[in-house]
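Let me begin by presenting the structure, written as structure tokens, before commenting on it.
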Amino acid sequence: MNAAALLLEIKGLRAGYGEVDVLHGIDLEIRDGEFVCIIGANTAGKSTILRAISRLVPRASGTLRFAGADLSTRASHEVPALGIAHVPEGRHVFPDMSVEDNLMLGAFTARSASDLPERMQRIFELFPRLRERRSQLAGTLSGGEQQMVAVGRALMLNPKLLLLDEPSHGLAPKVVEEMHDAFVKIHSGGTSILLVEQNVGLALDVATRGYVLETGRITLQGSSAELSQNPAVRAAYLGI
Ligand SMILES: Nc1ncnc2c1ncn2[C@@H]1O[C@H](COP(=O)(O)OP(=O)(O)OP(=O)(O)O)[C@@H](O)[C@H]1O
Ligand SMILES: [Mg+2]
């Protein structure tokens, strides 16, 4: 089997806030077309890894490469145009704008605008509820629907890599399931995904490979099947 090309390559990454390092030498890679998850407890540094990729936290040392290019020389505002879309923790929609206008904002850095109507149609196929509510103000949507808007807005970029930070946090189980079905579809459409989740069972269900992060260090990695059979993962994260 020919391995797909490396899309994201992180080596020895140290990063944090101010003088304090939160990540103590992270090695992580994603091949083109992979669906990878990062699992770990509160404050392990999961969001910080995604923020480092998006250049929202400075790198203290190590290398960050995306599609062959050095990410560490790029500013955060240049990252979307490279093909990386980040859905941060929490549901950041513009409450006083319609669903449709929120989605259009996601496309503001898109290089070609000609296929934006098609992109929006694909998002409505993925999340039919958003089509029904396209003119509704985003602030009046349910939490799950707002998360769909946040994911849809990221997809308007047509990204190569989608970074998802705890997208199912605080949502009802049925909505979580809908959300995860959508991720599987996005992935099968060819988009690579890096998913951060505290719900380890769910993450290992949808991703094909994963990393376990503990206080800023990767302690385990493997296929989702391997990780879900691992006794340490089962005891610490799956409660088995
Ligand atoms: N803006 C910030 N300034 C200073 N310290 C921060 C900042 N954001 C996060 N930290 C610290 O960095 C560490 C890792 O935070 P991070 O948000 O990456 O964890 P996480 O694994 O995503 O946690 P959670 O599961 O709660 O989202 C924590 O100790 C946190 O207090
Ligand atoms: Mg987090």
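Numbers for the structure displayed
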| quantity | calculated |
| --- | --- |
| Listed residues L163, L6 arranged by accessible area, highest first, probe 1.4 Å | L6, L163 |
| Charged-residue dipole, Cβ positions (Lys, Arg, Asp, Glu), region 91-150 about Cα centre, Debye nearest 20 | 120 |
| By average C-beta atoms within 10 angstrom, highest first, the peptides 38-46, 220-228 | 38-46, 220-228 |
| Around F66: net Lys/Arg minus Asp/Glu count, Cβ-Cβ under 12 Å | -1 |
| Normalised per residue, the volume of the convex hull around the Cα set of region 91-150 (Å³) | 71 |
| Unit charges on C-beta of K, R, D, E only; dipole of the chain, Debye | 240 |
| Whole-Hz couplings from phi, Karplus 6.51/-1.76/1.60, listed for region 158-165; x for Gly and Pro | 6, x, 7, 10, 10, 9, 10, 9 |
| Percent RCO, i.e. relative contact order, over the chain, from Cα pairs under 8 Å lying at least 6 residues apart | 26 |
| Using θ = phi - 60° and Karplus 6.51 cos²θ - 1.76 cosθ + 1.60, couplings along region 146-152 (whole Hz; Gly, Pro as x) | 5, 5, 4, 5, 4, 5, x |
| Cα gyration tensor shape of region 68-119, rounded if a/c is under 1.5, else prolate or oblate by comparing a/b with b/c | oblate |
| Whole-number D in µm² s⁻¹ for the chain, Kirkwood Cα-pair radius fed into Stokes-Einstein, 4 °C, 1.567 mPa s | 71 |
| Residue-by-residue Karplus 3J(HN,Hα) for region 15-23, coefficients 6.51, -1.76, 1.60, Hz, glycine and proline x | 7, x, 10, x, 7, 9, 7, 9, 9 |
| Region 50-128: GluC sites (Glu not before Pro) in DSSP loop, at most 12 other beta carbons within 10 Å | none |
| Rounded to 5, the percent of DSSP beta bridges in the chain classed as antiparallel | 55 |
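The values are calculated or read from the model by the stated rules, or taken from the named source; none is laboratory data. For clarity, every value in this text was computed on a predicted model and none was experimentally measured. Cβ coordinates were reconstructed from backbone atoms using ideal geometry, including for glycine residues, and neighbour counts include every protein chain displayed. These accessible areas exclude ligands, DNA and RNA; they are computed on the full protein's heavy atoms, side chains included. Shrake-Rupley method; radii C 1.70, N 1.55, O 1.52, S 1.80 Å.
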